[in-house]
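Notes to accompany the following structure.
The values are calculated or read from the model by the stated rules, or taken from the named source; none is laboratory data. Since the structure is predicted, the reported quantities are computational estimates derived from the model, not experimental observations. Because the Cβ atoms are built from the backbone with ideal geometry, glycine has one as well, and the counts that use them run over all protein chains shown.
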């Protein structure tokens with residue numbers, strides 16, 4: 001790692017967050033039934049909200065990339081750092097949510113009748129896909145915030 005330059009979030013870190021989410025989501029089902037008497041229900045609104053977040057991150061990535069390539073107004077350094085921090089945080093949270101929703105969906109397989117399985121499996125599965133979309137959009141924004149290294153031999 002060169003001094004003074006940030007590296008992208010490693011795939012190992014994102015995988016670790018996804019695994020923590022997977023285990024947490026899988027445990028939510030039995031813990032919810034034990035503590036509350038009924039497991040939580042995932043609504044379509046949660047998936048739609050994650051899709052909206054992914055779209056906003058993707059649009060921000062596109063704008064940032066154009067600005068840093070010189071196609072638009074110059075980007076303020078503070079804004080660039082804020083976008084990088086946003087991208088890194090959303091990448092971690094996207095991995096955690098994708099794993100969590102996937103773990104919750106998998107926890108219902110083989111346990112419920114088909115009509116309930118549709119509600120209990122497909123909604124969290126869709127939210128897991130939307131979490132992956134947040135992760136991908138965050139990675140695109142993180143990549144868009146990268147600036148080319150300065151050459152030392154410029155006059």
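Would you call residue 15 closer than 18 Å to residue 128 by Cα and either touching a helix residue (DSSP H, G or I) at 6+ places or on another chain (Cβ under 9 Å) or in contact (Cβ under 8 Å) with a residue 12 or more places away in the chain (or both)? Break it down stepwise before answering.
On the way: closer than 18 Å to residue 128 by Cα: yes; either touching a helix residue (DSSP H, G or I) at 6+ places or on another chain (Cβ under 9 Å) or in contact (Cβ under 8 Å) with a residue 12 or more places away in the chain (or both): yes.
Yes, satisfied.
From the residues in the stretch 50-67 that are under 27 Å from residue 106 (Cβ atoms) and touching a residue at least 40 places away in the same chain (Cβ under 8 Å), which one is surrounded by the most Cβ atoms within 10 Å (Cβ to Cβ)? My answer is 57.
Residues checked against (1) at pLDDT 90 or above; (2) part of a helix (DSSP H, G or I):
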site: 50; (1), (2): yes, yes
site: 63; (1), (2): yes, yes
site: 66; (1), (2): no, yes
site: 88; (1), (2): yes, yes
site: 98; (1), (2): yes, yes
site: 103; (1), (2): yes, yes
site: 108; (1), (2): no, no
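Could you grab me the full set of residues in the stretch 28-47 that are assigned to a helix (DSSP H, G or I) and free of Cβ contacts under 8 Å to residues at least 40 places away in the same chain? Within the stretch 28-47, 31, 32, 33, 34, 35, 36, 45 meet the criteria.
Just so you know, in the stretch 7-27 the residues that are part of a loop (DSSP other than H, G, I, E, B) and surrounded by 13 or more Cβ atoms within 10 Å (Cβ to Cβ) include one that is modelled with the lowest pLDDT, and it is 8. As a summary of the residue check, residue 75 satisfies the conditions (1) within 30 Å of residue 6 (Cα to Cα); (2) touching a helix residue (DSSP H, G or I) at 6+ places or on another chain (Cβ under 9 Å); (3) assigned to a helix (DSSP H, G or I); (4) free of Cβ contacts under 8 Å to residues at least 40 places away in the same chain except for the one numbered (3). Going through the stretch 68-86 one residue at a time, which ones are surrounded by 12 or more Cβ atoms within 10 Å (Cβ to Cβ), more than 21 Å from the chain's Cα centre (by Cα) and either within 23 Å of residue 135 (Cα to Cα) or at pLDDT 85 or above (or both)? Matches in the stretch 68-86: 68 only. Here are the criteria: (1) modelled with pLDDT of 85 or more; (2) more than 15 Å from residue 136 (Cα to Cα); (3) touching a helix residue (DSSP H, G or I) at 6+ places or on another chain (Cβ under 9 Å); (4) part of a helix (DSSP H, G or I). Tell me which single one residue 120 does not satisfy. Result: residue 120 passes all but (1). Per the conditions (1) under 30 Å from residue 38 (Cβ atoms); (2) surrounded by fewer than 20 Cβ atoms within 10 Å (Cβ to Cβ); (3) in contact (Cβ under 8 Å) with a residue 12 or more places away in the chain, the sole criterion not satisfied by residue 131 is (2).
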